[in-house]
1. Hey, can you tell me all the residues within segment 133-164 that are free of Cβ contacts under 8 Å to residues at least 12 places away in the same chain and assigned to a helix (DSSP H, G or I)?
2. Considering only residues that are among the aliphatic types (A, V, I, L, M) and at pLDDT 90 or above, look in segment 10-28 and name the one that is farthest from Tyr112 (Cα to Cα).
3. Quick check on Leu322: is it of a type in the set (A, V, I, L, M, F, W, C), more than 15 Å from the chain's Cα centre (by Cα), modelled with pLDDT of 95 or more and part of a helix (DSSP H, G or I)?
4. Just wondering, is there one or more residues in segment 245-253 that are within 18 Å of Asp189 (Cβ to Cβ) and in contact (Cβ under 8 Å) with a residue 60 or more places away in the chain?
5. Would you mention how many residues in segment 114-132 are under 30 Å from Ala14 (Cβ atoms), of a type in the set (A, V, I, L, M) and not in a loop (DSSP other than H, G, I, E, B)?
6. Quick check, is Asp189 out of contact with any strand residue (DSSP E or B) (no Cβ under 7 Å at 6 or more places or on another chain), acidic (Asp, Glu) and modelled with pLDDT under 95?
7. What's the total number of residues in segment 347-383 that are of a type outside the set (Gly, Ala, Ser) and closer than 18 Å to Pro195 by Cβ?
8. Condition test on Leu5, is it in a loop (DSSP other than H, G, I, E, B), modelled with pLDDT under 90 and aliphatic (A, V, I, L, M)?
Amino acid sequence: MTAMLADPVTEAVAAARELLTRRTGASVTLVDPVDLGGSGRTVVIRVRVAENPFQLPRTLVIKQVRDSATESVTRTGLGAGDDTAFLREAVSYQFATALATDTRPGPALIAYDLKERLLVLSDLGDAAPFTSLIAHPDPASVTNSLMALAQALGRMHAATFGREEDFGALLGRAGVGHTRDGLSDQVADAVADVPTMLSADLGIEVPPRIAEAVTRAAKLFGSGGHRAFSPSDLCPDNIIVNDEGVRFLDYEWGGFRDATLDVAYTLMSYPGCLCRLDLTPERAEAMVDAWRAEVVGIWPHLSDDDVLHSTLLDAQLVWAWLTTHWFLPDDDTRNAALRRHHLSVPRSVALTARWSILSEYARFVGHTEIADFAGAVVGGLSARWSDTTS
């Protein structure tokens, strides 16, 4: 990390200083801005509080979304394409900050300005990037990190189950009309469009029973019996580990959805980006068990393996549909942006791996029809990209 003097940083620091001065009623001085590596559409910096009349933390993190946010969010295919993404992030931080410290999934919100698209957050300190932990050469260390992630998700889910109305009230004040996460609006498009994509690009027709299963699985985003808060974008680039445990950093698409979607997101190797995680069956089982141990008190029926695996299969199926919707079409601009992620691989590798995971999991739980269909998609993808590195 290096000291920053660029204009966007200077402007963000000035805006944060004005915001904190208004909030505290006294002059606040912020110095020593340090770049924390925000994306092209955001400025994320750490500052030191030189004058601290109201016991602000000694260091703070400033995040400001720049004017180019709409264009960038639209290109990634994961956001709402407008200021809704920032509003949702601000509300998500408000909601999460109100949780007990031991269940709070990320930094606390100190102050915000919706008009300036500015957040001032607590500083989580110099933490270990999750990407480095799951790339560790020691297999036991990797397994422990993945189990810690699953436990953190489970604690967050257990703490936020039943609080969707609270989240909705905060969203309503910010002008956002629903509590679903920011990806939900794309699910209907994926359900409708992917069969045509598979037919046109791979020559694979979707059987009616598979289409019915996908339609059922898609309901996990809008309903489901395990609704809890999720940051939604659980790419490992957005996760760190500090002395307090696993922390999630990006809430732009935060909202309520079935909690099994979060578990399946890691099992399916991060379907919202191009990151790749090779999970052995043993590691996958350890993650699922670690998550279940945190939530079985509120969802006791998940102690039944058949119930748990059935829901996780649905979650992985709808993620397979969404990741295909996003990454089967050619989009060089989007793919180039995602290839900057630390664990990224070519989209041909990512998509093929995800359908392979679905096929293996479906066979493991005894759903041969989904397993065979997913295997056919793997074959189609392999044939399509046999001579490319896309």
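1. Within segment 133-164, Pro139, Ala140, Ser141, Asn144 qualify.
2. Val28
3. In short, no.
4. Scanning segment 245-253 turns up at least one residue that is within 18 Å of Asp189 (Cβ to Cβ) and in contact (Cβ under 8 Å) with a residue 60 or more places away in the chain.
5. Of the residues in segment 114-132, 4 are under 30 Å from Ala14 (Cβ atoms), of a type in the set (A, V, I, L, M) and not in a loop (DSSP other than H, G, I, E, B).
6. yes
7. 11
8. Criteria met by Leu5.
The values are calculated or read from the model by the stated rules, or taken from the named source; none is laboratory data. Keep in mind it's a predicted model, so treat the numbers as computed, not measured. In this analysis, Cβ positions are derived from the backbone assuming ideal geometry, glycine residues included, and neighbour counts consider all displayed protein chains.
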